[in-house]
Amino acid sequence: MTTIIDCMAVGKSFKGKSAVKDLSFQMKKGEVVALLGPNGAGKSTTIQMLLGLMEPSVGRVTISGQNPKLKAVRERIGVMLQEVRLLDTVTVKEILQLVRGYYPRPLSMEQLTRLTGLDESSLNTRTEKLSGGQKQRVSFALALAGNPDMLFLDEPTTGMDAIARKTFWKSIRELAERGTTIIFTTHYLDEVEVAATRVLMMNHGELIEDATPAMMKKKLGMQRISFLTDAVYRPETYQGLAATDIRIDGKKVTILTGNADHSLKILYALELEISEVTVNRGTLEEAYSQLTDSPEVS
Ligand SMILES: Nc1ncnc2c1ncn2[C@@H]1O[C@H](COP(=O)(O)OP(=O)(O)OP(=O)(O)O)[C@@H](O)[C@H]1O
Ligand SMILES: [Mg+2]
């Protein structure tokens, strides 16, 4: 498979402060990459450099061997940036028609409304009157307007409700099946599993992981056991639980573990006065703190 996106030893500094350091990776046609990392890791900066919207301080980006700023390249890319700004005083339908007009082979309005779940009443609404989640849908529609073969999506689902998110990821999967090359950032682990074929993780501007979602899930597969207790147990009480982190917050105790079955067995064997035991999948934030060795803030 051919390399489409080539990020070569790219770095970016703002006023001498490094935001992205020596970042190199390639993406092949049809890959769906989740770019992960805690706040400030350098994800948005990276996306903007890949798009040619921001000039790298060092290194180089090419898309299909070309400068991403070229019109011929830009026409093939759909973009959702983290901060959505829409043209005011026009309706959604008008702005979509306008943007479709810029492209040689736009998607039809029918395809756009189907893929984004925009209904007739939203289409006739003026953009400044849209809710945050509706704006995200419109932003998605604008990204798709030109029938792109690459999508760059920076936190595309932030502000979307559960239904909008579902429609969004269904459409992303459909586009991926058609061979669209996609890179997206997210803070939701479930979105990685639903959509990505590959995971890149950044921390402090550096690439710290390049893995499949399955490999990542194993690493990030932290589970969270929570329970309530009236007794005042010390953290040492829970030693032997194979916990990677223990938090005690009043009556509530939360234990992070890579093996909940094992930890629960030991926990019950201790015969402590506990109730309301729940087991949940850990969050990405918890996983970051494990991977990056920064202390958990809770
Ligand atoms: N225009 C800018 N001027 C100065 N510093 C910037 C600028 N853009 C980003 N930074 C800094 O670069 C670093 C990386 O920021 P970036 O927005 O790429 O992070 P991110 O991974 O997208 O975070 P988030 O998850 O919060 O969106 C941060 O320390 C940020 O403060
Ligand atoms: Mg960002």
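Since every read-out is calculated from the coordinates, none of them should be taken as a lab result. Here the structure is a predicted model, which means the values were calculated and not measured. Positions of Cβ are backbone-derived with ideal geometry, glycine not excepted, and every protein chain shown enters the neighbour counts.
Couple of notes before you dig in:
- With the gyration tensor restricted to C-alpha atoms of the chain, the semi-axes of the equivalent ellipsoid amount to 40, 24, 16 Å, longest first.
- Shape class for segment 1-95, computed from the alpha carbon gyration tensor (a ≥ b ≥ c): oblate, with a/c not under 1.5 and a/b at or below b/c.
- Listed by chain and number, the lysines whose C-alpha is less than 20 Å from the C-alpha of LYS252, apart from same-chain residues fewer than 8 away, are LYS265.
- Residue-averaged 222 nm ellipticity for the chain, from DSSP H runs of 4+ at -39500 (n - 2.57), nearest 500: -9000 deg cm²/dmol
- When only the Cβ of Lys, Arg, Asp and Glu is charged (+1, +1, -1, -1), the dipole of segment 1-128 relative to its Cα centre reaches about 480 debye.
- Dipole-positive endmost among VAL90, LEU264, GLY11 within the chain (Cβ charges, Cα centre): VAL90
- Sequence-distant residues sharing a close amide H with MET222 (under 5 Å, placed H): GLY282
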